[in-house]
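To keep things clear, I will list the structure first and then write my remarks on it.
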Amino acid sequence: MDNGASSYRRYLNGDESAFDEILELYKDNLIFFLCRYVESVAIAEEIAADCFALLIARPDKYDFSVSLKTWLFTVGRNRATDYLRRQNRRRILPLEEAAALPGSDEDDPETLFLKKERERQLHRAMGRLKPDYRAALHLIYFEELSYEEAGRVLHKSKKQIENLVYRGKNALRADLEKEGFEF
């Protein structure tokens, strides 16, 4: 077999069993590969299923000059990267992790009040920081950018961002300690 392309050609010519051959050849390895990216077998299986569905729904997307395995793994990696990018924007904690967080008992009015008050203290103290410190801390901790990405945004080097974050955290800690903030 020539890397799955002949099976795919047979499938396109009407041989339904040829697609089963493709699945048998690549499904498990693709899922294993994707699992290294997304760290979830279920998500990896969904992404792999999307890759195989693309072969069925859009045969024009596959270029026969490239090995079918390479094509599947490239499409899979791209989709896994897209998935991770979306997840970084909104991180969802599993229920058992959320229950283990301190102050996760949102039904308790006192806990909720204290949490909101701590957030207000933090935001007031952030507002009192030098603008460069505030911007660097915000990009790193709230927007979850890398030091390199934050550097591009602020037109600074990675080392400058590291210094700003370090100094900003120290200044923030000192300000919060003056207010009696408990860490």
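The values are calculated or read from the model by the stated rules, or taken from the named source; none is laboratory data. The structure presented is a predicted model; accordingly, all values stated were derived computationally and were not measured. Positions of Cβ are backbone-derived with ideal geometry, glycine not excepted, and every protein chain shown enters the neighbour counts.
See the values below:
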quantity: Residue list for the range 125-147, restricted to those being over 29 Å from Gln87 (Cβ atoms), touching a residue at least 24 places away in the same chain (Cβ under 8 Å) and not in a loop (DSSP other than H, G, I, E, B); calculated: Ala125, Asp132
quantity: Out of Arg128, Arg120, Arg91, sole residue that is within 20 Å of Phe142 (Cα to Cα) and at pLDDT 85 or above; calculated: Arg128
quantity: Only one of Tyr37, Tyr26 that is among the aromatic types (Phe, Trp, Tyr), surrounded by 13 or more Cβ atoms within 10 Å (Cβ to Cβ), within 22 Å of Pro59 (Cα to Cα) and in the same structural domain as Trp71 (by TED's automatic domain parsing); calculated: Tyr26
quantity: Residue within the range 43-57 that is assigned to a helix (DSSP H, G or I), of a type in the set (D, E, K, R) and loosely packed, with under 11 Cβ neighbours inside 10 Å present; calculated: no
quantity: Count - residues of the range 148-157 that are outside any helix (DSSP H, G or I) and either surrounded by 14 or more Cβ atoms within 10 Å (Cβ to Cβ) or of a type in the set (Lys, Arg) (or both); calculated: 1
quantity: Thr74 vs. criteria modelled with pLDDT under 90, among the hydroxyl-bearing types (Ser, Thr, Tyr) and in contact with a helix residue (DSSP H, G or I) (Cβ under 8 Å, 6 or more places away or on another chain); calculated: no
quantity: First in the range 53-82 and closer than 15 Å to Ser6 by Cβ, second anywhere and in a helix (DSSP H, G or I) and polar (S, T, N, Q), Cβ under 9 Å, 6 or more apart; calculated: Val66/Thr74; Leu68/Ser7; Lys69/Asn29
quantity: Residue in the range 134-147 that is out of contact with any strand residue (DSSP E or B) (no Cβ under 6 Å at 6 or more places or on another chain), modelled with pLDDT of 90 or more and surrounded by 12 or more Cβ atoms within 10 Å (Cβ to Cβ) present; calculated: yes
